[in-house]
Each structure stands twice: as C-alpha cells, then as structure tokens.
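Contents: one structure, followed by commentary.
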Amino acid sequence: MKSVIQRTRAFLTPSTSSTNLSKSSSAQPSPPSTPASSLPSSPYIFPPVSSDSTDDPNCLHDCSTCTIHYPSKWSINESDALYGHIRGWATHLLVATGRTDWVRDIADEKGSVMRAVGKHGTDLENGRCMVSACNMPVPDYDCHGRRDGEIIGNRLKNEQGQTEVLVLPKWEIVEDVRPSGVAEFMEGYVARQASSMSPISVDPSSKPTKDGEEHDRTAQNPSPQPPSIPSLSPTAAGSLSFPSQVQQYRTTNFKTRPCPHAYLILLGSQKPRDARCGQSAPLLRREFERHLRPLGLYRDIHDERPGGVGIYFISHVGGHKYSANVMVYRRSGSELEEKDDNSMTAGEEMDEETSLARNRTDRAVIEKNAASTGEAMQCIWLARVRPEDCEAIIKYTVLQGKVVKPERQLRGGFDRTKGLTSW
C-alpha cells in the first residue's frame, strides 16, 4: 500500500528546473552528443530532466514494469538529427472523423473538411495552419430530430462531411463545421485566433461567471481579434507564409466550447503512410493508459469530465521514419502550481495518513487548475518513442513540461510562456 502511495505521490510532485530557457529560438545550437543531464545549460527550449537532486534519481531509467513491446523487427532511423528540423505551424486543427486510419493523403478524403481545407489553402493571416484527421467522435446530427436537409438558422443541416474541429492552441472545439463553410471557418475563425507564436491571451468571454458558469460564446458575437504576433526573424519563422492581404471574413457564426482536457497526447496512427504508425499507436495508448489510470487522469475519447489527459490518434504529421511520433499539448493553468504549506523536505518520511492527505490535496489542485479555461501554452513533439518511455513521458513531459531524452527524441515545438519556437 505504501509503495502505491509513494508512486502516486512521485507522479504528482513537480520540480523546478535550473535550465536556462532565455535563449532566442532564432539561434538554436545543434543538440549535444552528450547526455543533456550533464550539461550546465540546455540548448533546447524545453528543460531536460536530470539525475541530480532536482528530479527523481530514476528519472532517466526506462519503465521496468512495461510488458508491451514493439515487434522484434521494429526498425527506425536513429542517425538523423531531430531537433529543430520541423516545419513550423501557427495553428493546428484536429478534424473529428471517428476513425483511426485514413487514405494516404487526408486531402483526398471525398466530401471531408480536410479536403475542403486543402483546396482553400493553409497559409492564413496568422500563419501556417497544420491539419490532422483525428479519431474524435463525429456528432450525430440527427440525434435532435432534425430532418435531412432541414433549414435551421439559414443553414443547411446534415451536410456530408459535417463535423467538429478542435483548434489549437486555442484549445476550443468548433461545432458544426461543414465543407461548404470552410472558407468562412478558416478566414473568419482560425485566422483570427492566437497562434503558437503569440502570447497567451485571456478571452474575457471564456472566464467563469460569478455563478461558476461559462458565458455562451455563440454565433451572434464577432470572433475576437487575435493577439498581435511578434516579429519573427527568418530563422524563427521557418517556412511559415503570411498573406499580404487581409481576408474578407471578420465574423463567424460558429458555436464553440472549450476542450475539457488539461493535456493532450496525439499519436500518429496512419498506417497507409507508415505501417509502424498503425502498430505503435495502439500499443502506446495502452501503456499511457496504464500509467494514467492510477492517477485518475485518463480520459477516453467520449469522456467529457474536466481535466485529465486526452489521447487521440491523428494522421500523418511528418517524419514517420522516426516512429513513433508523439505530440504533447499542455494547457495553461493545468500544471500543479500550488504546494502544500506544510511540504516536507527531500528525504523526509511521511506516515500513511499524511501521505494520503497530501495526495488528496495535490489531486484537488490539479483538477481545480485543469478545469480553468486556457489556451495551449506548450507543444512538445517527440519521436522514436517506445512503450518503455511512456511512464517518464507522463511524469515529466505531460505533467511538468520536461523532456527525458531530448538528444534522441525531441523534434521541437513551441513554448508561448517564453515566446520560443524550435523552427
């Protein structure tokens, strides 16, 4: 019993990092060949975990209880440098399809929002938009008794391909997105939202009311203007393209709601692009789930409880020769920011009653922070992930924003709290 308590407590205990994150993303040095834990400062925009007193001495060890393994002939590229070699993005769309696999190019999915977005183009006013098909469930648009083709609010319902889209870093689900309305959606909504390169904004309409209920943000109100995007150097901007002319759409009629999860883990699962993705995604999900359940943080795709970790399968994002690719999105206000006033020093023992009380306090703080509405503050893109890596990824990357094996696994990402990107 005590070992279970200690293990749960270890997962929920954050630690500060002495890593220097003040370096500009426009002058990132090449990753070192020596372990990150031996460096006096980090060349990465995310702090690496270390084996010294600030982190668990076992933090660099792979999971010893893992029973899930890749096929014996699993082979990936281990020689290429990963960090910073990605195409940057400003916004990321997860299009709900209810499926875990898709045609080789999702822009070829007939009658889909992905195809309509491909035809419209992804270079928007606030930067490049990355589009991923996702296994999020598609709403049943007939569940409210609507007749096929019924006109409601000057809109034709039950259109083929009608679905929902999770917009990141906004951390918001846009309902009733139709292929025929993609131009309005992209230019009037997505292009007007915060990007991976803009400061974390606070939307007054998303703050809880005094009664604890959220304001209804529906179609009648114009979409808020996005925060100003800081000027980018050529290196920091990467391959992003910014249109010179402002688009025509300034308002939208889309109803939105916040994504309920505190964290997101996105797993590449598109088998037609790489068979290894089809093999790795289900195995990694099982292992992530095994470590999340004891913490009360696991959420399946139908679980709308606030907080927790949502795990989704997504389509090709690039670099499948480095399978498995894992993208971790962390929402602002979700991390454990408060500590017990009576916290003990390192190495001090607690009795079982004190440990249980501390665990309840930590869990309450996590759920309290997770329930707050916020935008994605970080995206940490990992590759070459194996099942034995999952325990440390949950403990450090998901819950604390650290990277265990940056020299081997970190591809890049963004940190809006520091104003840094890795491309």
Checklist (1) at pLDDT below 95; (2) farther than 21 Å from Asp176 by Cα; (3) among the acidic types (Asp, Glu) applied to Asp123, failing item: (1)
Given the criteria surrounded by 23 or more Cβ atoms within 10 Å (Cβ to Cβ), at pLDDT 95 or above and more than 27 Å from Thr67 (Cβ to Cβ), does Gly401 qualify? no
I need every pair where a residue in region 51-72 that is under 19 Å from Lys405 (Cα atoms) has its Cβ under 6 Å from the Cβ of a residue that is modelled with pLDDT of 85 or more and surrounded by 12 or more Cβ atoms within 10 Å (Cβ to Cβ), sequence separation at least 6 or different chains. Asp55/Val49; Cys59/Val49; Asp62/Glu388; Cys63/Glu388; Cys63/Glu391; Cys66/Pro387; Cys66/Glu388
Looking at this structure, is Ala90 in contact (Cβ under 8 Å) with a residue 24 or more places away in the chain, under 15 Å from Val167 (Cα atoms) and crowded, with 23+ Cβ neighbours inside 10 Å? yes
Tally time: how many residues in region 400-423 are aliphatic (A, V, I, L, M) and in contact with a Pro (Cβ under 7 Å, 6 or more places away or on another chain)? 1
Is it true that some residue in region 407-419 is touching a residue at least 12 places away in the same chain (Cβ under 8 Å), in contact with a Cys (Cβ under 8 Å, 6 or more places away or on another chain) and either more than 24 Å from Asp274 (Cα to Cα) or in a loop (DSSP other than H, G, I, E, B) (or both)? yes
Kindly provide the set of residues from region 259-284 that are within 21 Å of Leu168 (Cα to Cα) and either surrounded by fewer than 20 Cβ atoms within 10 Å (Cβ to Cβ) or of a type in the set (Asp, Glu) (or both), ordered by number. Pro260
So which residues in region 240-277 are within 25 Å of Thr67 (Cβ to Cβ), in contact with an Asp or Glu (Cβ under 7 Å, 6 or more places away or on another chain) and either at pLDDT below 85 or aliphatic (A, V, I, L, M) (or both), if there are any at all? Lys271
In this structure, is Thr34 among the polar types (S, T, N, Q), assigned to a loop (DSSP other than H, G, I, E, B) and modelled with pLDDT under 70? yes
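Matching residues to (1) modelled with pLDDT of 95 or more; (2) surrounded by 18 or more Cβ atoms within 10 Å (Cβ to Cβ); (3) at positive phi:
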{"residue": "Thr163", "(1), (2), (3)": "yes, yes, no"}
{"residue": "Pro169", "(1), (2), (3)": "yes, yes, no"}
{"residue": "Pro179", "(1), (2), (3)": "yes, yes, no"}
{"residue": "Ser198", "(1), (2), (3)": "no, yes, no"}
{"residue": "Pro208", "(1), (2), (3)": "no, no, no"}
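Considering only residues that are modelled with pLDDT under 90 and either crowded, with 22+ Cβ neighbours inside 10 Å or outside any loop (DSSP other than H, G, I, E, B) (or both), which ones fall in region 324-344? Even if it seems obvious, please write down each step before you answer.
We begin by selecting, within region 324-344, every residue modelled with pLDDT under 90; these are 332-344.
Answer for region 324-344, where residues must be modelled with pLDDT under 90 and either crowded, with 22+ Cβ neighbours inside 10 Å or outside any loop (DSSP other than H, G, I, E, B) (or both): just Ser334.
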Return the total of residues in region 45-87 being over 25 Å from Arg286 (Cβ atoms), surrounded by 15 or more Cβ atoms within 10 Å (Cβ to Cβ) and modelled with pLDDT under 90. 5
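The values are calculated or read from the model by the stated rules, or taken from the named source; none is laboratory data. Predicted, not measured: the structure shown is a model, and the values here were computed from it. Cβ: placed from backbone, ideal geometry, glycine included. Neighbour counts: every protein chain shown.
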